[in-house]
């Protein structure tokens, strides 16, 4: 079995499920820490800041981890916007984690003529917010979707995700957005750069074939599918391109 020098790791559905613990996920991180193998949590969730994610891991899931090990689609979105270098005005559909990251980077809210429209999951979404985003995109604002997840796992089941909202606005404007999060190259390349390791030395670990495993497949990184979340074991034989590895529990994985 190939030994990997670093791990890119999904959170929800992999290390925990909604508000519920996945003990094997906790043990997996503890084993990585004991072996001093570097890892980076790579999450499409934009609703919470890295600091809040860090605190939640510690208080709810028995995982103490440095803030530098958490890279969200919000952070990758800001990095992408900074690289484009347009006027620092933005209209955001999203929650506090996304807004905090963007506003702290110096961007100002503009409901009428923003340079960017950034769209993510927002549980307080209204029709008026969709209308403002539609008008701004039609006027020429750069349309950014933070992540393509159509669903979000929760203790209630699979909720509508950011990708569903983004798809609505794409239909309304007939403008294709730039998508930042997994499985796209924007967040992947930035995560690899943060790890400081070549892609062939890394393993992408996650529960969702469409985001986590496709991150590996589409970007030349080996992948490990754990069937504790979105993609079920019975689906594996029919996947179009097989993950590099598949386990039912992260307890099965040997570092």
So what's the angle, to the nearest 10 degrees on a 0 to 90 scale, between helix 23-34 and the longest Cα principal axis of the chain?
80 degrees
Looking at the range 104-221, what % of its DSSP beta bridges pair antiparallel, to the nearest 5?
40 percent
Calculate how many DSSP beta bridges within the chain are antiparallel, expressed in % of all such bridges and rounded to the nearest 5.
15 percent
Between the range 30-88 and the range 215-254, what's the alpha-carbon centroid distance in Å?
22 Å
Of 17, 81, 129, the most mobile residue in a GNM of the chain (C-alpha springs, cutoff 10 Å) is 129
Taking 7 Å along the Cα-to-C-beta vector as the label spot, tell me the residue 125-residue 154 distance in nanometres, rounded to one decimal.
1.2 nm
Simple spin-label model, 7 Å along Cα-to-Cβ: residue 64 to residue 236 in nm?
3.4 nm
Taking a ≥ b ≥ c as the square roots of the eigenvalues of the Cα gyration tensor of the range 144-213, is the shape rounded (a/c under 1.5), prolate (a/b larger than b/c) or oblate?
oblate
Please give, to one decimal in nm, the separation of the simple spin-label points placed at residue 84 and residue 37, each 7 Å out from Cα toward the Cβ.
3.7 nm
Per DSSP helix of 4 or more residues, -39500 (n - 2.57); summed, then divided by the residues of the chain. What does that give at 222 nm, rounded to the nearest 500?
-10000 deg cm²/dmol
Choice from 126, 146, 14 showing the highest fluctuation, given a GNM over the chain with Cα pairs closer than 10 Å:
126
Could you tell me which label, among (1) 18.3, 61; (2) 17.2, 52; (3) 17.9, 55, carries the value of Rg and Dmax of the Cα atoms in Å calculated for this structure?
(3)
Tell me, 128, 60 in order of fewest to most beta-carbon neighbours within 10 Å?
128, 60
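Taken together, the values in this text are just the output of simple stated rules run on the coordinates, not laboratory data. These numbers come from a predicted model, not from an experiment. When we count neighbours, we look across all protein chains shown, and the Cβ atoms used for this are built from the backbone with ideal geometry, even at glycine.
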